[in-house]
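Read the structure below first, then the notes.
The values are calculated or read from the model by the stated rules, or taken from the named source; none is laboratory data. The structure presented is a predicted model; accordingly, all values stated were derived computationally and were not measured. Heads up, the Cβs are rebuilt from the backbone with ideal geometry, glycines too, and the neighbour counts pull from every protein chain shown.
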Amino acid sequence: MFGSFRMMMAAGAVSEYDIEYLVIAGGGGAGNRGGGGGGAGGYRSSVFSESSGGGASAESVISVTPSTTYTITIGAGGAGAAGSGSANNVGIQGSNTVFDTLTSIGGGFGISNYQAGDGGSGGGAGHGSGTSAALGTAGQGYNGSIGSGGFTGGAGGGGAGAVGAAGAGNDGGNGGNGVSSSVNGSATTRAGGGAGAARIDLGGTHGTGGTGGGGNGGMPGVSGTVNTGSGGGGGGYNGEGASNNAGGNGGSGSVIIRYLGSQVGSGGVVTSSGGYTIHTFTSSGTYTG
């Protein structure tokens, strides 16, 4: 049974037990000057009856051994492109989140022109024509989308739950939606893609970030919500010389672990809900079984 203890009794002690997990990488930073949004960080889940990113089913639970230490590295969100007169400034890919042997890939970067970056979810392309969609990672997230062509609106970055939307004329595309999980006892959506930004000097409208914390396009772009792995929103264009066109930063990732019964392991912030013990990590550390 998912989430249940597997007890192998040795002198009356539990020697091994199963855990469910949610492992989310850092979101990608967005482009500037009508730039594309950052992609969400990779989203991997083994929570029974829930989904991983990219439309995948939940992964298998893993077994841990008491007194064994497992390293957890929380991925940072990638920085958005700085406000600049350059047309080609790009965001930075989010950093991977690692729980022992499990790795979620950082969200792809958004860009102000041409091709965005692949990642856990793909980043949003810029306003330039001839671009192709940046790719998400299978089982972790969806693709970003393309810009509208010409010096106009940027595209949305992919989310864990949906593809980012293309820019439309001078309008920025919306970020792809995230995925909901009740791993900590409360249904929460995480890992939304960042929105593309508009050419507002020609009446365009900024895109909206994907559900789960994706940043909106803006002047400057809005950063993805921390600890959700969401992408940053693109920075808009309002004529040459505008100084507030920076892209938003990606949100940092997280790791959440749970198992049935009273507390056995240690590490992170420990809570309980619905008969589970829950360990939440929003910064790097260790989990001891």
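Before moving on, here are some points about what is shown:
- Checked against the criterion of being more than 19 Å from GLY232 (Cα to Cα) and free of Cβ contacts under 8 Å to residues at least 40 places away in the same chain, the candidates GLY150, GLY139 yield just one match: GLY150.
Here's the yes/no breakdown for (1) crowded, with 24+ Cβ neighbours inside 10 Å; (2) closer than 30 Å to SER182 by Cβ; (3) small (Gly, Ala, Ser); (4) in contact with a strand residue (DSSP E or B) (Cβ under 9 Å, 6 or more places away or on another chain):
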| position | (1), (2), (3), (4) |
| --- | --- |
| ASP201 | no, no, no, yes |
| GLY207 | yes, yes, yes, yes |
| GLY214 | yes, yes, yes, no |
| GLY224 | yes, yes, yes, no |
| THR228 | yes, yes, no, yes |
| GLY231 | yes, yes, yes, no |
| GLY235 | yes, no, yes, yes |
| ALA246 | yes, no, yes, yes |
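- For GLY172, the conditions (1) without any contact (Cβ under 8 Å) to a residue 60 or more places away in the chain; (2) over 17 Å from SER252 (Cα atoms); (3) of a type outside the set (S, T, N, Q) all hold with the exception of (1).
- On the stretch given as segment 146-178, residues that are of a type in the set (S, T, N, Q) and at pLDDT 95 or above total 2.
- For the residues GLY139, GLY117, GLY153, the requirement of being touching a helix residue (DSSP H, G or I) at 6+ places or on another chain (Cβ under 8 Å) and assigned to a loop (DSSP other than H, G, I, E, B) singles out GLY139.
- Leading residue by the ranking (nearest to PRO220 (Cα to Cα)) among those in segment 81-100 that are touching a Phe, Trp or Tyr at 6+ places or on another chain (Cβ under 9 Å) and assigned to a loop (DSSP other than H, G, I, E, B): ALA81
- Some residue of segment 159-175 being surrounded by fewer than 24 Cβ atoms within 10 Å (Cβ to Cβ) and within 14 Å of ILE24 (Cβ to Cβ): no
- So ILE257, is it surrounded by 18 or more Cβ atoms within 10 Å (Cβ to Cβ), at pLDDT 95 or above, under 26 Å from ILE105 (Cα atoms) and touching a Lys or Arg at 6+ places or on another chain (Cβ under 6 Å): no
- Filter result (in a loop (DSSP other than H, G, I, E, B) and over 16 Å from GLY192 (Cα atoms)) within segment 101-114: THR101, SER112, ASN113, TYR114
- Test: residue in segment 7-18 that is part of a loop (DSSP other than H, G, I, E, B), at pLDDT 95 or above and either surrounded by 15 or more Cβ atoms within 10 Å (Cβ to Cβ) or polar (S, T, N, Q) (or both): no
- Looking only at segment 54-80, residues that are in a strand (DSSP E or B) and over 30 Å from GLY215 (Cα atoms) come to 5 in all.
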